[in-house]
Amino acid sequence: MNQWIDVSFLERAIQWLDQDVLQIFGLNGVHIQFVLVFLLTASIMFVIKPIMEWLLVKQWFTLLGYSITTVLAFCFLQMVDRYAMGAESTFLPSYYWSVSLLAISSYGAVRVIAGITKLIMVRWRVRSKKRVA
């Protein structure tokens, strides 16, 4: 895979999760990884959204968009995991996959909750306008 893509940038990302460096700043590696994977999922969704709008009708856009985003995030995280594998052990922390999956599912939950909240607010405004009139 190193022939096609230069993955040397992953060394810096993996070094961010080094416990000694994080203790200097008083951070926890789990929180840093969660934020990074959450932002990865959000950025993939931001890039995929116009493509999905062009390809699909509106009803299936969100579900398929999130599904494709999740698959792309899994592929990227798998690439990071494979790159970090040494001869006998991995450089990644033991919580890598559990935190990554939590961040991806949390992004989905935030999108669903935001959509429901938006729908409730629109209905509430329409009802309040009808009561006034």
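The values are calculated or read from the model by the stated rules, or taken from the named source; none is laboratory data. All values reported here derive from a predicted model rather than from experimental measurement. Neighbour counts are summed over all protein chains in view; Cβ atoms, including those assigned to glycine, are modelled from backbone coordinates with ideal geometry.
Please verify whether Leu10 is closer than 30 Å to Gly115 by Cα and either in a helix (DSSP H, G or I) or at pLDDT 80 or above (or both), treating the condition exactly as stated. For Leu10, the condition - closer than 30 Å to Gly115 by Cα and either in a helix (DSSP H, G or I) or at pLDDT 80 or above (or both) - is not met. Every condition in (1) more than 14 Å from Gln33 (Cα to Cα); (2) at pLDDT below 80; (3) in a helix (DSSP H, G or I) is met by Asp81 except one, and the failing one is (1). Comparison of Thr117, Thr62, Thr70 shows that the only residue that is out of contact with any Asp or Glu (no Cβ under 7 Å at 6 or more places or on another chain), β-branched (Val, Ile, Thr), in a helix (DSSP H, G or I) and modelled with pLDDT of 85 or more is Thr117.
If I go through segment 104-133 residue by residue, how many of them are within 25 Å of Met45 (Cβ to Cβ) and either out of contact with any helix residue (DSSP H, G or I) (no Cβ under 8 Å at 6 or more places or on another chain) or among the β-branched types (Val, Ile, Thr) (or both)? Quick ask: steps written out before the conclusion?
Narrowing segment 104-133 to residues within 25 Å of Met45 (Cβ to Cβ): 104-122.
Cutting the leftovers down to either out of contact with any helix residue (DSSP H, G or I) (no Cβ under 8 Å at 6 or more places or on another chain) or among the β-branched types (Val, Ile, Thr) (or both) gives us 104-105, 109-110, 112-114, 116-122.
The total comes to 14.
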